[in-house]
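This report concerns only the one structure given below.
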Amino acid sequence: MECGNGSGTVRETASYQQDDAVTGPDAPGRLSAAQGALAAVEDVEVFGRVAAVRGLLIEVAGPVAAMRLGGRLDIVVNEAAGAAVPCEIIGFSGPHALAMPFGSLQGVRRGCPARVRAEGAGAIRPSRAWLGRVIDALGRPIDGRGPLPQGPVPYGLQADPPPAHARRRVGPPLDLGVRCINTFLTMCAGQRMGIFAGSGVGKSVLLSMLARYTAADVAVIGLVGERGREVQEFLQDDLGEEGLARSVVVVATSDEPALMRRNAAYVTFALAEHFRDEGAQVLCMVDSITRFAMAQRDIGLAAGEPPTAKGYTPTVFSELPRLLERAGPGTGEGAITGLFTVLVEGDDHNEPVADAVRGILDGHIVMERAIAERGRYPAINVLRSVSRTMPRACDPDYLDVVRRARRVLSTYADMEELIRLGAYRPGSSPEVDEAIGLMPDLEAFLGQGKEEATSIREGYERLAAIVGGP
């Protein structure tokens, strides 16, 4: 049976009309016949039809009551070949559902069937066998190593964060292998930090070092809006076989649709939640949160949201905390330690996304172009960076050492221009003279090659040897 009003159709492939009454001695036989007929009824297929296409926005007419926000559609462009464009419903306007595609709209025409997926919003079924694999924003393998083994438990891509009252507190200090962060910005298991930097100052290399040298059990890396040329370089040169072996990498390049770029962040967090629920210590890294916000802005503008600061829509600032709060301690033994890069446009650290993310996270690491230009990597400005678990996370025996080193760095920064111009006369200030004498060793301490790893203890001991201490 088929019924419709021309804009959408609900088709049933079989029907069964129940008798007015099933009674008497042959009732069991009739019931068996009824059950057999019901078992033969195929699933109902619900679909609408494409009514309009405006840019990347698709209007679908049909049974909108059967569609849901965040649900999935498949727009059939070639029935014989089984070609379809997967889409997500992002809103409703009058009698139409508004959808955006996960792929190219090539071949979509007015009147194309838009099948409604019964499962609704997306989910993945990760397992430990996914370690060492590279996947796309829909959870499909893109590394040419065959299909992914599916786990028993589905994880929704837009899950809610754990309830605040049930979460454990952050754990002990987590060794990240980068001595600048380990000593001055010590992170705890379950902490969330932002890495704020402009383009081309070494964010990706720093992330690869953290993935290779961290003491966490698993690393989940989301490359959101990454340059396509740099993906293989990151996997082969920066991350390497050792780092990839205990990592899952999610990739959505800059040329992919906004939904794919946004979904890459959701898949990254869903994977991290899976390993956290297994009791693992997970290092979750996303490069970059700014490109996630840009993708959400494109989706919001297409759906008709009003632009606000720098064109960002209101949903950008509501989605950021929902996403970032999914990292952190869980309700069990596992925890997600988060490191998220923020691409500051024009090196403006007060632009809207950077300002919003800084207020959500538990600290920020600032990388500066001027430091990178003089050849010191990672180009971290310690004085502008903050870990909100300090000083509690610092080893009490070395807390004075860290404070002394910060004072030296601050003293030199205050007088740096005068020193470089030659306007400072040695002997004018004992503190400045001490800073000038210690800066070469401190600069060497803050710099680190990408093939070099330093534990927390080794970092403390080396810093104490420079500025004096236990």
Inset, instruction - Mind listing whichever residues of the range 411-468 are open to solvent by 50 Å² or more (accessible area, probe 1.4 Å), assigned to a loop (DSSP other than H, G, I, E, B) and over 21 Å from TYR377 (Cα atoms)? - result: GLY422, ALA423, ARG425, PRO426, GLY427, SER428
Legend entry - Members of the range 67-83 found to be open to solvent by 50 Å² or more (accessible area, probe 1.4 Å) and not in a loop (DSSP other than H, G, I, E, B), listed by number: ASN78
Legend entry - Residue check, MET260 open to solvent by 10 Å² or more (accessible area, probe 1.4 Å) and in a helix (DSSP H, G or I): no
Inset, instruction - Residue by residue through the range 88-122, note down the ones that are in a strand (DSSP E or B), of a type outside the set (Ser, Thr, Tyr) and touching a residue at least 60 places away in the same chain (Cβ under 8 Å). - result: GLU88, ILE90, GLY91, LEU98, MET100, PRO101, PRO113, ALA114, ARG115, VAL116
Inset, instruction - Evaluate the range 276-285: report whether one residue or more is out of contact with any strand residue (DSSP E or B) (no Cβ under 6 Å at 6 or more places or on another chain), hydrophobic (A, V, I, L, M, F, W, C) and modelled with pLDDT of 95 or more. - result: no
Inset, instruction - Name every residue in the range 98-146 that is under 20 Å from ILE221 (Cα atoms) and among the β-branched types (Val, Ile, Thr), in order of residue number. - result: ILE124, VAL134, ILE135, ILE142
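Listed here are the residues, each with its yes/no results for (1) within 29 Å of ARG167 (Cα to Cα); (2) buried (at least 24 other Cβ atoms within 10 Å of the Cβ).
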position	(1), (2)
GLU241	no, no
VAL249	yes, yes
ALA264	yes, yes
ASP277	yes, no
LEU283	yes, yes
VAL286	yes, yes
LEU301	no, no
Inset, instruction - Working carefully through the options THR389, THR411, find the one that is farther than 21 Å from ALA435 by Cα and polar (S, T, N, Q). - result: THR389
Inset, instruction - Select from the range 293-331 the residues that are more than 18 Å from ARG169 (Cα to Cα), in contact with a Gly (Cβ under 8 Å, 6 or more places away or on another chain) and of a type in the set (A, V, I, L, M, F, W, C) and list them in ascending order. - result: MET294, ALA295, LEU301, ALA302, ALA303, VAL316
Inset, instruction - Output the residue which, of all residues in the range 303-344 that are at pLDDT below 90 and assigned to a helix (DSSP H, G or I), is surrounded by the fewest Cβ atoms within 10 Å (Cβ to Cβ). - result: LYS310
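Yes/no per residue for (1) open to solvent by less than 80 Å² (accessible area, probe 1.4 Å); (2) more than 21 Å from the chain's Cα centre (by Cα); (3) at pLDDT 90 or above; (4) assigned by the TED database to the domain that holds ASN263:
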| residue | (1), (2), (3), (4) |
| --- | --- |
| ALA123 | yes, no, no, no |
| ILE135 | yes, no, yes, yes |
| PRO141 | yes, no, yes, yes |
| PRO149 | yes, yes, yes, yes |
| TYR155 | yes, no, yes, yes |
| ARG169 | no, yes, yes, yes |
Legend entry - The lone exception for GLY447 - which of (1) touching a helix residue (DSSP H, G or I) at 6+ places or on another chain (Cβ under 6 Å); (2) within 30 Å of SER208 (Cα to Cα) it fails: (1)
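The values are calculated or read from the model by the stated rules, or taken from the named source; none is laboratory data. Please read these numbers as outputs of a predicted model, since none were measured by experiment. Virtual Cβ from ideal backbone geometry, glycine too; neighbours counted across all protein chains shown. Remember, those area values only see protein heavy atoms, side chains included, never the ligands or the DNA or RNA. Shrake-Rupley method; radii C 1.70, N 1.55, O 1.52, S 1.80 Å.
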